[in-house]
Every structure is written in C-alpha cells, then in structure tokens.
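In what follows, a structure is listed as structure tokens, so that the remarks can point back to it.
Where a number appears in this text, it was derived from the coordinates with a stated rule and is not lab data. The shown structure was predicted, so the numbers you read here are calculated from the model rather than taken from an experiment. Reconstructed Cβ throughout: ideal geometry from the backbone, glycine too, with neighbour counts over all protein chains shown.
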Amino acid sequence: MPIYSVGKVCALDGRGSKTVLTIVGGWPPRLPLTVVRPSDHFGKYVLTLGCKCGHKRPAPPQTPAGLAGWYALLSDVVRRLRCSPCGRQRCSAMVRPETKRKG
C-alpha cells in the first residue's frame, strides 16, 4: 500500500507553519460510502449483513432491492431481515466498496 505526502513547507527556519497531508492507499483517495437506498452509487457496493448471534454474510445490493424495491430506505429493509441460524430480527448492515480482481 503506497504512502504519499502532499503539501509544502512554508518556512525552513522552523518558524513557519507546515502544511502536510499524508495519504495512505491509492490515488485518488476514497471517500467513505454513504448508502441510504439500494440504488445509491449505482449498486456498486457490497453489503455485509450481520446478526448479534455472530452470523455474517455478504450480500449484493439486489438482495434488499428484491425485498422492498430500489428506492426503499436501507435502514427499513435491514430492520425487516431475519437471521437464518437464530431466526431473530437483530440484523445490521455494513457497506464496503465493490472490489475488482486483477487479472
């Protein structure tokens, strides 16, 4: 993972203010994903659905869209989901960007 430092040093004698921004990762920097509806970001993300019992599974955005439609609120859809192993409605969702394999 490359590390980049961008900025300029205003004074070399130590009295000036330094402006340095360190970017870890690739360029351009990725902004955090904010997904409110399944149609956000054109569906180019992956949901990780989890339960308090410890069960987790990845899900494409088509999963909540198939239940309630592409324009429903994701928080409302996740509240309706039921965990397969324990059968309770204690699900939560995390969103991460879709990654493509090289080669």
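The table for this structure:
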| quantity | calculated |
| --- | --- |
| Residue list for the range 48-92, restricted to those being small (Gly, Ala, Ser) and either within 18 Å of Val36 (Cα to Cα) or touching a His at 6+ places or on another chain (Cβ under 6 Å) (or both) | Gly50, Ala59, Ala65, Gly66, Ala68, Gly69, Ala72, Ser75, Ser92 |
| Residues (touching a residue at least 12 places away in the same chain (Cβ under 8 Å), among the charged types (D, E, K, R) and farther than 17 Å from Pro97 by Cα) located in the range 34-78 | Lys52 |
